[in-house]
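**Student:** Submitted below is the structure of interest, expressed as structure tokens.
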Amino acid sequence: SPHDLLFAACSQPGTPPASTPNPAGMWVVQPGSQAGYRAREKFDRLPSPNVAVARTDRVGGWLLVDADAGSVTITSGCVAVELATLHSIDQLPGLHTADRDQAVRDFLNTNLHPFAVFTVNAARLTSTSPATPIHVRVPDGLELNGHGWPAAFDVFAYLAGTRLDAAVDRGAMS
């Protein structure tokens, strides 16, 4: 929806969505997509064996894709995540995870900076055969808590007809 601030965080360029079997065009993050984090917890600066896991379905954005002669390139893109809607899905005995969720919102200053925004730069996909897994390291910029950070993400994807299914792993952030 044009009135939704999540989608305004990554306003779409004036390119129509892809509508042919050719993957070229604008690919839009679909309803049901999720984003989240995994983080090793520390309690009072002591390591814990627990891995905190949180997810949200408040994800929006797009990728602009160019295709020619069997190669596919992500030319640009933007993906935004509404951070205040992240909620823990792991459990730890004796810990009320809603308290952790509030601590994460406070740490990320979600009242001032409600979105994490990933700005994607060019990346060439190594395979375009249907149902053949694709792995690509995507360079991008990450805006989080009002600061920009250089970042790169591992994208694991495959083409299923005119649909691109993908999972992204950020790995450890330095």
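**Student:** I need the phi-derived Karplus couplings for segment 139-147: 6.51 cos²θ - 1.76 cosθ + 1.60, θ = phi - 60°, integer Hz, Gly and Pro marked x.
**Tutor:** Values per residue, Gly and Pro as x: x, 7, x, 10, 9, 9, 6, x, 10 Hz.
**Student:** Evaluate E = 1/(1 + (r/R0)^6) for Val53 and Ala24, where r is the Cβ-Cβ distance and R0 equals 41 Å; express this FRET efficiency to the nearest 0.05.
**Tutor:** Numbers: r = 35 Å, r/R0 = 0.86.
The calculated FRET efficiency here is 0.70.
**Student:** How far is it, in nm, from the label point at Ala67 to the one at Asn121 when both lie 7 Å from their Cα along the line to the Cβ?
**Tutor:** 2.6 nm
Where a number appears in this text, it was derived from the coordinates with a stated rule and is not lab data. Computed from a predicted model, the values in this text were never measured in an experiment. Every residue, glycine among them, receives a Cβ derived from its backbone with ideal geometry; neighbour counts consider all protein chains shown.
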